[in-house]
Each structure stands twice: as C-alpha cells, then as structure tokens.
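Structure record follows, encoded as structure tokens.
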Amino acid sequence: MKVAITSTGTTKDAQMDLRFGRAQYFIIADTQTGEFEAVPNSQNLNAAQGAGIQSAQTVAKQGAEAVITGHVGPKAFRTLAAAGIKIYLVDNLTVEEAIERLKKGELTITSTADVESHWA
Amino acid sequence: MIISIASGKGGTGKTTVSVNLALSLAEPVQLLDCDVEEPNCHVFLEPVINQVNKVTVPVPRVDSQRCNGCGKCSELCQFNALAALKDSVLIFEELCHGCSGCWLVCPEKALTETSREVGVVETGTADELGFTQGRLQIGQVLAVPVIHAVKNHINFEQINIIDAPPGTSCPVIAAVQNSDYVILVTEPTAFGLNDLILAVEMVRKLKLSFGVVINQADIGDQRVREYCQNENIDILLEIPHDRRIAEAYSRGQMAIEVVPELRTKLTELFESISGQVKKKSDRTS
Amino acid sequence: MKELVVISGKGGTGKTSVVAALAVLTDAHVLADCDVDAADLHLVLNGHQQECHDFQAGREAIIRQEDCVCCGGCLAYCRFDAIKKCPSEQGGFTFAIDPVSCEGCGVCVHFCPVQAIDFPEKICGQWFISQTPHGPLVHARLGVAEENSGRLVTLVRQQSQKIAEEKNLDLIVIDGPPGIGCPVIAATTGASMVLVVSEPTLAAIHDLKRVVQLTSHFKIPTAVCVNKYDINPELTDTVETYCREQSLPLLGKIPYDRAVTQAQLAGKSVVEHSQGPAARSIKQICSELQKLLDE
C-alpha cells in the first residue's frame with residue numbers, strides 16, 4: 001500500500017516532520033515494493049489558513065491510502081477522511097522507523113483530529 | 001451627512017463621543033454601531049429593536065453527482081476553502097470569502113451558490129434617535145459584510161453617526177469609507193499618539209476629512225497636541241478627565257447627563273464639522 | 001512551552017499595561033505583541049529593533065491599462081465593489097481596481113478575456129524582532145487599510161514560538177488584539193491560557209461575555225482580572241458573580257491609579273515605575289497566574 005509520511009528531509013533516515021499542514025516534505029512510500037519518492041510541500045510553508053487542506057489534497061493526488069504524521073487538525077482530518085485515507089499519529093520517529101512500525105502492525109488508526117483548528 | 005467616529009487605539013472614547021454627540025443634536029439623527037464584534041452603543045441608548053435581519057455571505061454548494069474531481073475550483077480559490085478529491089469536492093465554509101469564482105469556473109456546473117449566516121443587523125429607535133447595530137456571530141471572521149449591512153440603513157435625509165471599531169484594518173475601513181467627516185478620538189499618552197498616527201494615515205489614504213478629539217485631555221502630556229499642530233490637524237474638542245464621566249460610563253449613563261456643559265461643546269463641534277463639510281461640497285460642486 | 005494571551009474584548013481596559021508588567025515580573029520568556037493593528041507594547045519595554053521583515057500575504061489584482069480592452073467584464077464579476085469605471089480623457093472609459101477594496105480573490109484575473117490583469121503577491125506590513133531587557137519581543141505593523149490581520153498575528157506567534165524553542169524558554173506572553181474576530185481567534189487558538197482584562201463598566205461586561213464565549217468555543221482555559229475596579233464597585237461584583245457562575249478564576253482587582261499612565265508616559269511598565277496600589281495588585285495577579293500556568 002502507498003503511505004505518505006510527513007518528513008523534514010528527503011531520505012529514509014530523515015526525522016519525521018510532526019506537522020501535517022506545514023510539513024516540509026511528504027515521503028510517498030510503497031510498503032510492498034519499497035519504492036519511495038520525496039514530494040516537497042513548499043506551497044504550504046508560508047500559506048495562511050487551509051494548509052492542512054492543501055496537504056491532504058496533495059497526498060490524495062499521490063494515491064496514498066494512509067498518512068503517518070504527528071498531528072492533524074480538524075480541516076485536514078475532514079479532508080483525509082473524505083478521501084478515505086487512514087491516519088496514523090506517532091511521536092518523533094525517522095521515516096524508516098515509521099514505515100517499519102506500520103508494516104509490523106504496531107500503529108493504530110486515529111479516529112479524530114488531535115489538535116484544535118489553528119491558524120499556524 | 002455621515003460622520004464616523006474612529007480611533008487607532010481602543011478605549012479612547014469612540015462610543016462615548018458617538019452616543020453623546022447623537023443625543024446632543026437637535027436635527028433628526030441616526031446612530032449606526034459598526035463595531036460589530038463588540039457593539040456597545042446599545043448599552044447607553046437602550047434602544048427598542050423592532051427588526052432583526054440576518055446577514056449572510058455567499059458560499060458554494062456541491063452537487064456530488066455532477067462533480068468529477070477536476071479540481072479547477074480548488075486551483076482558483078485563493079483562500080483554500082475547497083479541497084478537490086478524486087470525484088468530489090470538500091467545502092470549508094469558514095474559509096470562504098464569497099468571491100463566486102469556484103461556481104463560475106466549474107465546467108460541470110456542479111457548484112452552485114448558497115449562503116450562510118455570519119451575523120445580524122438590528123434596527124429600532126432610542127427615543128428620537130434612529131438606531132442600527134450589527135452583531136457578528138461569535139467565531140465568525142467576516143466582519144466586513146455585517147458592517148456593509150449596517151451601512152445599508154444610512155438615511156441620507158438625516159445626520160448619520162457611525163461608531164467604528166478600533167484599529168485601522170479592513171473592518172474600520174468598511175465603517176468609515178464614504179463618510180463626509182471622520183472624528184478621531186485619542187488620549188494624550190504614548191499609546192494614544194502611536195495609534196493616532198496610524199489612524200491619521202488611514203483617513204488620509206482614504207482621502208476623508210477629519211479632525212481630532214482628545215479625551216481625558218489632562219491625564220498625559222503634550223505630545224498629541226504637538227503632533228496635531230505639526231500636521232495641521234484640527235483639534236475639535238478636548239474633554240478633561242472627569243471621574244463623573246467615567247462613573248456614568250460604567251453605569252451605561254450618558255456623559256451629557258452628568259456634565260451638561262458637554263452637550264453645548266458637542267453641539268459646537270457638530271456645527272464646526274457641518275460648516276467644513278458644506279464648504280467642501282460647495283467647492284467641489 | 002506555555003503561551004499566555006492577554007485579551008480584553010473591549011479595547012482600552014489595560015491589556016498592554018498588564019502585559020508590560022507581566023513581562024517584567026516573569027522570567028525566561030518571549031514576548032509577542034499580537035495587536036498588529038495598533039501595536040503599543042514596544043513603547044513601554046525599551047526595546048531595540050534587531051530585525052525587520054516584510055509580511056507578504058495574499059495577492060492583489062492590478063489592471064494593465066495598456067492591454068485593457070474596456071469590456072467591463074471584471075466589474076461584472078467583482079463581488080467586492082473593488083472595480084471602478086471612470087470616464088477617460090479620450091471620451092471612453094477606463095477601469096481601475098481600488099487596492100483598499102480588492103479582496104485578492106483572483107476572479108477578475110481568471111476571467112479577463114485578454115489576460116490584462118496582473119496578480120502579484122502583496123506586502124501587507126512588517127514584522128520585527130526587538131531585544132528588550134525582559135526578553136525578545138516579536139511585534140508587527142499591519143499596513144494601513146490591510147486585511148490579513150489574522151495571518152500576521154499567526155506569523156508573530158510562530159516567530160515567538162520559534163525563538164522560545166531555540167532559546168529553551170518556557171513561557172510566551174502575548175499582548176492580544178481587541179474584539180472577538182479574526183485576529184483574536186488567531187492570537188488565542190491553541191494557547192495554554194487566556195487572561196481577560198476587564199473593567200467594571202456595562203460595556204466591558206457585555207464584551208467580556210462575548211469574548212468568554214469565544215474562548216470556550218475554542219476550549220482555551222480562561223482567567224479574568226478587573227482593572228480600575230473602584231470606578232464602580234457594584235459592577236465589579238457583577239463581574240465576580242459572572243466569573244463564579246462560569247467557573248472562571250478571578251485573579252485580582254486593580255484599582256484606578258494614575259501611576260499606570262505616568263509609567264506609560266515615561267516609557268516603562270507600572271511595576272518598574274511605581275510601588276503604588278496598581279503595581280501591587282498586578283504583582284499579586286502575576287503570582288496567581290504563575291500558579292495556574294504551572295498546573
């Protein structure tokens with residue numbers, strides 16, 4: 001399955017970026033084939049509101065079926081849920097660690113936004 | 001005639017001047033409270049409200065059957081109010097500014113215009129005074145449409161006094177624009193001067209005639225007076241700090257009731273403004 | 001890292017004076033002035049500006065007159081009355097966009113049949129970092145007649161959070177904007193605590209209720225203090241009763257004290273300038289605040 005992981009860098013050993021809307025990169029990884037691609041999120045770094053919505057659209061366009069990130073606000077949550085994308089929230093991990101934990105079934109799906117709507 | 005009362009800094013006495021000026025005038029007057037986030041004139045005037053109208057803004061509505069997820073709406077939207085997904089679009093009404101771009105651009109005619117409420121306008125009377133106030137719904141961000149809705153009640157046959165919000169940004173502009181005259185209320189302190197300079201910049205940008213009222217005129221120093229002199233700005237009135245006025249204000253009572261001399265001063269202030277406005281309109285016509 | 005935002009609902013109750021005093025009384029913090037429309041905090045904190053940056057947000061539409069064919073389509077599309085049709089010297093008409101009214105929506109840009117409308121990014125103001133004797137201060141100035149206050153407020157908050165992280169500081173004290181709209185929402189969402197500075201007047205009590213509705217809507221812990229309480233002791237009681245009913249901690253009551261204005265005129269906070277009743281009361285409120293923040 002294709003999963004999007006928010007990241008601070010473009011490689012597998014990069015630390016995850018725990019923000020979803022303003023993550024620096026999305027790593028799109030295929031858990032079966034091992035392929036991965038780094039998609040920069042530059043449009044959103046300075047965006048005003050709605051960064052989470054934009055990020056959700058980006059990962060949906062990439063065909064991701066799941067997202068691993070640190071925090072998700074209500075608008076991003078709503079958009080991901082509408083796109084049928086599963087959301088996993090984790091603490092500080094590297095991209096590789098996050099993928100491994102997902103493959104081992106150690107992550108749980110989040111059913112609500114975990115942070116309030118914010119303009120940050 | 002339309003006279004707006006504004007200030008850069010909050011709490012300088014806009015509402016005090018607005019309501020007391022309105023009640024000091026003999027001619028038919030309407031008071032329009034455009035501080036729609038925190039309208040306060042009603043506290044002093046205790047109006048009888050006889051009409052409440054909702055203020056709505058346009059928002060898109062999607063017909064999912066027609067939507068093919070092309071994303072053109074989302075691309076156009078400058079406010080991120082639309083999220084285009086595979087075969088549908090999500091609408092975030094709270095981000096929408098009502099520009100209509102999305103439903104105009106949709107090639108499938110899947111988006112249509114509907115509306116949502118952001119506040120109300122209440123109209124009525126307070127004795128002889130016509131009264132209109134706007135009230136933004138808590139949690140809403142679009143104050144400007146509510147302010148425009150209040151100003152739709154301007155009666156060009158009367159004297160209209162507009163109580164503007166504090167500051168210098170969009171809602172204030174919406175309240176004061178197209179006024180015949182703006183009264184900037186300030187206080188003789190560091191904050192008062194700092195914010196007066198910003199307010200003066202604003203009215204000059206809008207090319208509106210204006211003058212200054214210094215409230216609590218004896219609690220500070222000369223910096224505001226010096227600034228006005230240097231900038232050739234009319235100081236229309238100085239109201240000294242008076243505990244009677246502060247206490248009356250706290251109770252929701254009119255200042256002119258406890259300090260009757262103020263009524264005369266406000267009438268004179270109005271005459272001065274009125275004269276200036278007539279002169280200007282004679283010059284331009 | 002905790003964020004304390006001081007707001008008032010109604011303007012002029014003494015927010016900035018209280019924040020300046022808190023800046024002096026608390027340690028290890030960053031200061032932020034989110035009243036970007038009328039920023040005053042720097043006037044009493046003796047700051048020295050170190051950095052100045054442009055604030056860019058949104059866009060504005062500008063018609064390239066040389067390419068405009070005067071079809072009037074843009075005017076028909078604009079929902080914000082930002083486009084004016086003026087008679088031109090040559091006898092026809094020209095169309096121009098009023099930058100004050102332009103909302104930056106891009107509709108006219110998109111639909112202009114000859115692509116004669118430019119849509120550049122807009123510089124709406126500036127933000128600054130100053131050093132003060134009480135910590136770094138992030139502040140800003142929104143351009144006059146600009147929109148996007150909420151975005152600039154958010155930027156000021158983000159920058160102060162960044163400095164707090166970099167310097168390992170635990171507390172951000174924020175001077176908030178008046179009202180209940182966009183800038184206040186931006187200043188308060190996600191904050192650890194809000195302190196409402198109220199006063200015993202009917203107007204302020206009306207506004208206190210609206211602002212408390214806002215902070216509870218966004219689920220932010222809220223405390224209250226009353227400034228100039230002796231102007232109307234009866235209404236001070238009303239505020240106290242309201243706080244009790246709403247389970248809001250009332251941290252203290254500050255008496256009317258000319259020292260507050262005198263301190264401001266001297267460019268200082270009241271607790272530096274005076275040992276009088278207002279200064280003492282604010283010190284007490286500050287210690288109550290710290291207890292709440294530590295919880």
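For region B:53-71, a residue qualifies if it is outside any loop (DSSP other than H, G, I, E, B) and surrounded by fewer than 18 Cβ atoms within 10 Å (Cβ to Cβ), and the qualifying residues are B:Asn53, B:Lys54, B:Thr56, B:Pro58, B:Arg61. Across region C:3-38, which residue is farthest from the other protein chains (Cβ to nearest Cβ) among those that are in a loop (DSSP other than H, G, I, E, B), modelled with pLDDT of 90 or more and closer than 22 Å to C:Ile254 by Cα? That would be C:Thr26.
Kindly indicate whether any position in region C:175-182 is within 19 Å of C:Ala21 (Cα to Cα), touching a residue at least 12 places away in the same chain (Cβ under 8 Å) and part of a strand (DSSP E or B). Scanning region C:175-182, I find at least one residue that is within 19 Å of C:Ala21 (Cα to Cα), touching a residue at least 12 places away in the same chain (Cβ under 8 Å) and part of a strand (DSSP E or B), so the answer is yes. Residue count for region B:38-96 under the criterion of being within 14 Å of chain A (Cβ to nearest Cβ), touching a Cys at 6+ places or on another chain (Cβ under 7 Å) and closer than 24 Å to B:Ala143 by Cα: the result is 6. Just so you know, in region B:26-55 the residues that are in contact with a helix residue (DSSP H, G or I) (Cβ under 8 Å, 6 or more places away or on another chain) and among the β-branched types (Val, Ile, Thr) include one that is nearest to C:Ile7 (Cα to Cα), and it is B:Val36.
Of the residues contained in region C:54-66, one or more are found to be of a type in the set (D, E, K, R), assigned to a loop (DSSP other than H, G, I, E, B) and more than 30 Å from C:Thr188 (Cβ to Cβ). Note on region C:243-295: residues that are more than 23 Å from B:Pro188 (Cβ to Cβ) and hydroxyl-bearing (Ser, Thr, Tyr) total 3.
Would you mind listing the helices (runs of 4 or more DSSP H) fully within region B:117-221 where at least 1 residues are free of Cβ contacts under 8 Å to residues at least 12 places away in the same chain? Quick ask: steps written out before the conclusion?
Numbers: elements: B:143-151, B:170-176, B:190-205.
Those helices (runs of 4 or more DSSP H) span B:190-205.
Residues that are assigned to a helix (DSSP H, G or I) and surrounded by fewer than 24 Cβ atoms within 10 Å (Cβ to Cβ): does region C:141-148 have at least one? Within region C:141-148, not a single residue is assigned to a helix (DSSP H, G or I) and surrounded by fewer than 24 Cβ atoms within 10 Å (Cβ to Cβ). When C:Gly92, C:Gly58 are screened for being farther than 29 Å from C:Asp40 by Cα and among the small types (Gly, Ala, Ser), only C:Gly92 passes.
Considering (1) part of a helix (DSSP H, G or I); (2) buried (at least 20 other Cβ atoms within 10 Å of the Cβ); (3) of a type in the set (A, V, I, L, M, F, W, C); (4) touching a residue at least 40 places away in the same chain (Cβ under 8 Å), the lone condition that C:Ala191 does not fulfil carries the number (1). Identify the residue in region C:80-114 that is touching a helix residue (DSSP H, G or I) at 6+ places or on another chain (Cβ under 8 Å) and assigned to a loop (DSSP other than H, G, I, E, B) and, among all such residues, is surrounded by the fewest Cβ atoms within 10 Å (Cβ to Cβ). The qualifying residue surrounded by the fewest Cβ atoms within 10 Å (Cβ to Cβ) is C:Pro113.
Is it the case, given these coordinates, that C:Val197 is part of a strand (DSSP E or B) and within 11 Å of another protein chain (Cβ to nearest Cβ)? Yes; evaluated as a whole, the condition is true for this residue.
Screening region B:97-113 for residues that are surrounded by 14 or more Cβ atoms within 10 Å (Cβ to Cβ) and outside any loop (DSSP other than H, G, I, E, B) and picking the one that is nearest to the other protein chains (Cβ to nearest Cβ) gives B:Gly101. Remark: pairs (first residue in region A:81-97, at pLDDT 90 or above; second residue of a type in the set (Lys, Arg); Cβ separation under 6 Å; 6+ apart in sequence or on different chains) = A:Val95/A:Lys12; A:Glu96/A:Lys12. Condition first: touching a residue at least 40 places away in the same chain (Cβ under 8 Å) and either over 20 Å from the mean Cα position of the chain (by Cα) or more than 14 Å from every other protein chain (Cβ to nearest Cβ) (or both). Can you find one or more residues in region C:76-96 that meet it? There is no residue in region C:76-96 that is touching a residue at least 40 places away in the same chain (Cβ under 8 Å) and either over 20 Å from the mean Cα position of the chain (by Cα) or more than 14 Å from every other protein chain (Cβ to nearest Cβ) (or both). What do you reckon, is C:Leu22 in the same structural domain as C:Gly252 (by TED's automatic domain parsing), surrounded by fewer than 24 Cβ atoms within 10 Å (Cβ to Cβ) and on the phi < 0 side of the Ramachandran plot? Considered against the rule, which asks whether it is in the same structural domain as C:Gly252 (by TED's automatic domain parsing), surrounded by fewer than 24 Cβ atoms within 10 Å (Cβ to Cβ) and on the phi < 0 side of the Ramachandran plot, C:Leu22 comes out as no. Consider B:Glu46 carefully, then state whether it is at positive phi, surrounded by fewer than 24 Cβ atoms within 10 Å (Cβ to Cβ) and of a type in the set (Asp, Glu). In short, yes. Contact annotation: residue pairs with Cβ atoms under 6 Å, 6 or more positions apart or on different chains, pairing a residue in region C:155-168 that is free of Cβ contacts under 8 Å to residues at least 60 places away in the same chain with a partner that is surrounded by fewer than 24 Cβ atoms within 10 Å (Cβ to Cβ) and not basic (Lys, Arg), are C:Gln158/A:Ala120.
Report yes if B:Ile5 is in contact with a Leu (Cβ under 9 Å, 6 or more places away or on another chain), touching a residue at least 12 places away in the same chain (Cβ under 8 Å), more than 9 Å from every other protein chain (Cβ to nearest Cβ) and not in a helix (DSSP H, G or I), otherwise no. Lay out the reasoning, then the answer.
Working: in contact with a Leu (Cβ under 9 Å, 6 or more places away or on another chain): yes; touching a residue at least 12 places away in the same chain (Cβ under 8 Å): yes; more than 9 Å from every other protein chain (Cβ to nearest Cβ): yes; not in a helix (DSSP H, G or I): yes.
Taking the combined requirement at face value, the residue satisfies it.
Of the helices (runs of 4 or more DSSP H) lying entirely inside region A:1-101, those carrying at least 2 residues that are surrounded by 22 or more Cβ atoms within 10 Å (Cβ to Cβ) are A:51-61, A:74-82.
The values are calculated or read from the model by the stated rules, or taken from the named source; none is laboratory data. Here the structure is a predicted model, which is why all the values come from computation and not from measurement. A quick note on method: Cβ atoms are made from the backbone with ideal geometry, for glycine too, and the neighbour counts reach across all protein chains shown.
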